[in-house]
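For reference, the structure is listed below as C-alpha cells.
The values are calculated or read from the model by the stated rules, or taken from the named source; none is laboratory data. Just so we're clear, the structure is a prediction, and the values are computed from it rather than from any experiment. Positions of Cβ are generated from backbone atoms using ideal geometry, with glycine treated the same way; all protein chains shown enter the neighbour counts.
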Amino acid sequence: MRWKSLVCLAACFLCVSVSARTFSEDFIGLILEVKPDFFLLPEVDKKRDIVDLSFNAVYGPSWFSPFRFRGGMGIMSFKKPYVSAGVEWVVFETLNESYGIQFGGYISLLGNLGLEHWDLFVEAGMMIPVSPIGGVQVAVGVNRMLHPTLSLAYRGGIYPLQVQEPSK
Amino acid sequence: MKKFVLLLVFVALVLVFSSCSMLFKTADGNLGYFPNIIGTPVGKFEASQELWFIIDPILFPMSRPHENLDKMIGPEVFARGGAFAKNLEISYGFTIWDFVITYFVPFVGRGTISVSGEAFSNF
C-alpha cells in the first residue's frame, strides 16, 4: 500500500506542476504584537501590567520589494489608543509550498501617533514558523528616545492564491 | 520531567515543520503521464476546493481534496465532452479569506486546492 502511494506520488510529480502563475505577486500579512512598555517608560518600569498591544496589516506590492508597507492601530497601557504606520525591510524570507511565510528576518521603521503621545521605533525581528501561514516573531530595537524595546508578535503572511473562474 | 521535555520537543517539531510539503494524488489512480497521447481540445477548465485542517493540512486534515483530485478533474473534463486532460497545473495555497480564517481561528485553518488544465476528446 505504501509503495502504491509512492508510485502514485512519483507519477503526480511527473505529470503536474505547481505553478507560480496562480499566486499573486503582492504580499499581504497581519501582525498582532505585544510590547512591554516598561522598557519604554523607565519611570514605571516596575508596573509589569503596562503593555503596548497593536495590530498591523502588511502590504507588499511587488514593485516595492524588498520593502513593505505596514499600518494599523494599537493601544498603549490599555488607555492610550494610537494609529501606526511604517515600512519594513525584508532582510530575508523563506516561503513554503503554499507561498506562506516560513522563516523571516525583518527591519521595520514604525511611527505611532496617539492623541497624547507619539513615538518612532526601529526594530529588527526574526520569525520562526508555527503554522502554514506564519509564526512567532521576536523583535528588538529602540524608540525615538533610544530606549530599548522588545516585542513578541504573531505574524502571518501569504502571497494569495488566485482562484479564477473557469474559462468557457 | 523527561516526558514533559519530550512532549515539548514533539510540539516544537510539529510547529516548526507545520508547513511541510503537500501530497497530491487521485483516489482512482487515473493521474498519469502519457506524453504521446493526442486528441481534440474541447476546452480549458479550472476547479478549486477548500481544505480544512487542524494545525497543518498534512498532520490533521479535516477534508482531503488533495488526495481526491479525480473528483475535481473528472467532472470538469466530462462536462466538456472530454476523455482526458493535459497541461494540468495543481496549486495549493491560501486565498485572502483562507488566510484570514487561518490567522484568526486558533488551531483551525483553511487552504484551497486549485486545479486547471485542458480537456481533450479522443477524436
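Could you run through region A:111-125 and say how many residues are of a type in the set (D, E), in a strand (DSSP E or B) and modelled with pLDDT under 90?
To start, the set of residues in region A:111-125 that are of a type in the set (D, E) comprises A:116, A:119, A:123.
Next cut, in a strand (DSSP E or B) only: A:119, A:123.
With the extra rule that they be modelled with pLDDT under 90, the set shrinks to A:119.
Here the count works out to 1.
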Original post:
Limited to region A:130-160, what total is found for residues that are more than 11 Å from the chain's Cα centre (by Cα), within 14 Å of chain B (Cβ to nearest Cβ) and either among the β-branched types (V, I, T) or in a strand (DSSP E or B) (or both)?
Top reply: 2
Subject >> Top-ranked residue of region B:57-73 - restricted to ones that are touching a residue at least 12 places away in the same chain (Cβ under 8 Å) and outside any loop (DSSP other than H, G, I, E, B), ranked as nearest to B:N30 (Cα to Cα) >> reply: B:D70
Original post:
Would you say B:G82 is touching a Ser or Thr at 6+ places or on another chain (Cβ under 6 Å) and outside any helix (DSSP H, G or I)?
Top reply: yes
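With respect to B:I90, is the statement that it is surrounded by fewer than 16 Cβ atoms within 10 Å (Cβ to Cβ) and at the interface with chain A (Cβ under 8 Å from one of its Cβ atoms) true? Before the answer, list the steps.
Working: surrounded by fewer than 16 Cβ atoms within 10 Å (Cβ to Cβ): no; at the interface with chain A (Cβ under 8 Å from one of its Cβ atoms): yes.
Criteria not met by B:I90.
Rundown of residues vs (1) surrounded by fewer than 17 Cβ atoms within 10 Å (Cβ to Cβ); (2) modelled with pLDDT under 80, yes/no style:
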site: A:E43; (1), (2): yes, yes
site: A:P66; (1), (2): yes, no
site: A:R70; (1), (2): no, no
site: A:G74; (1), (2): no, no
site: A:F92; (1), (2): yes, no
site: A:N96; (1), (2): no, no
